[in-house]
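The values are calculated or read from the model by the stated rules, or taken from the named source; none is laboratory data. Since we're looking at a predicted model, the values are computed, not measured. Reconstructed Cβ throughout: ideal geometry from the backbone, glycine too, with neighbour counts over all protein chains shown. We work out accessible area using only protein heavy atoms, side chains counted, and drop any ligands, DNA or RNA first. Shrake-Rupley method; radii C 1.70, N 1.55, O 1.52, S 1.80 Å.
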Amino acid sequence: MTETTHRHIRSFVLRQGRVSPAQQRAVDTLMPRFGITYAPQPLDLELAFGRPAPKILEIGFGMGDSTAAIAAAKPENDYLTLEVHTPGVGNLLKLIDEQGLNNIRIIQHDAVEVLRDMIADGSLDGVHIYFPDPWHKARHNKRRLVQSPFVASLMPKLKTGGYIHFATDWQEYAEQALAVFSAEPQLENTADGYAPRPDYRPLTKFEQRGIRLGHGVWDLIFKKR
């Protein structure tokens, strides 16, 4: 273990979720093709995807349904996706295979370390952070991903005009994120407060259920000046 490993507060807990046989098969057979192994050295994104194209980083894709839908609808973009939980990784790999998608790559590792060690400055056209763990108990708020130091670490990685798109169904987290993004001098809000959900972000099943129950969802889209 190096000195730099595990210095930061983790924004996730590695839960022992059940991996289905199909998900495990996908990990075993498809991760060598669509996965990228974490390494503490800069990643050549054009080489990883085999082409020059806009590069979007997605942090925490859950089960990957929205990721696959976005990548299918936007074949002109490449999506570097990060997730620590194996069931989600396996499920997204299955979707990649079933839908014949070639514009997604997966790193199964902590986003903070990937960003710090592997993402070159000025290489990202956008960052997606959808429904991160809200850590809703006050004593756990410090574990939230969207904090000022993390947002500051994103800034050099984003191209000028690059965007950050954040979405949450937890109002207090939305308010915190709005304050954090607004306080970053290199960012400007594309909306007056919260943004309407853009067409490219599909409604998740969880989100649809929440809307039926009267729950809110908040989107924020900020661009680098």
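I'm trying to understand the selection: among the residues of region 186-219, which are open to solvent by 100 Å² or more (accessible area, probe 1.4 Å) and either in contact with a helix residue (DSSP H, G or I) (Cβ under 9 Å, 6 or more places away or on another chain) or among the β-branched types (Val, Ile, Thr) (or both)?
The answer is Asp199, Lys205, His215.
Considering every residue within region 153-171, establish whether at least one is under 21 Å from Gly62 (Cα atoms), touching a helix residue (DSSP H, G or I) at 6+ places or on another chain (Cβ under 6 Å) and at pLDDT 95 or above.
Within region 153-171 (the criterion being under 21 Å from Gly62 (Cα atoms), touching a helix residue (DSSP H, G or I) at 6+ places or on another chain (Cβ under 6 Å) and at pLDDT 95 or above), the answer is yes, since at least one residue qualifies.
Only residues that are free of Cβ contacts under 8 Å to residues at least 40 places away in the same chain and either at positive phi or buried (at least 24 other Cβ atoms within 10 Å of the Cβ) (or both): list them for region 83-107, please.
Residues satisfying the conditions are Glu83, Leu92, Gly100.
Scan region 172-193 and report the pairs whose first residue is on the phi > 0 side of the Ramachandran plot and whose second residue is surrounded by 13 or more Cβ atoms within 10 Å (Cβ to Cβ), with Cβ atoms within less than 8 Å and a gap of 6+ or a chain change.
The qualifying pairs are Gly193/Leu178.
Of the residues that make up region 108-117, is at least one modelled with pLDDT of 95 or more and buried (at least 23 other Cβ atoms within 10 Å of the Cβ)?
There is no residue in region 108-117 that is modelled with pLDDT of 95 or more and buried (at least 23 other Cβ atoms within 10 Å of the Cβ).
Every residue in region 118-135 that is at pLDDT 95 or above and of a type in the set (Asp, Glu), please.
Those that are at pLDDT 95 or above and of a type in the set (Asp, Glu): Asp121, Asp125.
Does region 155-175 hold any residues that are open to solvent by less than 70 Å² (accessible area, probe 1.4 Å) and over 29 Å from Ala120 (Cβ atoms), and which are they?
First pass over region 155-175, keeping only residues open to solvent by less than 70 Å² (accessible area, probe 1.4 Å): 155-158, 161-169, 173-174.
The answer is Asp169, Tyr173, Ala174.
Could you tell me whether Ile36 is at pLDDT 95 or above and touching a Phe, Trp or Tyr at 6+ places or on another chain (Cβ under 6 Å)?
Working: at pLDDT 95 or above: yes; touching a Phe, Trp or Tyr at 6+ places or on another chain (Cβ under 6 Å): no.
For Ile36, the condition - at pLDDT 95 or above and touching a Phe, Trp or Tyr at 6+ places or on another chain (Cβ under 6 Å) - is not met.
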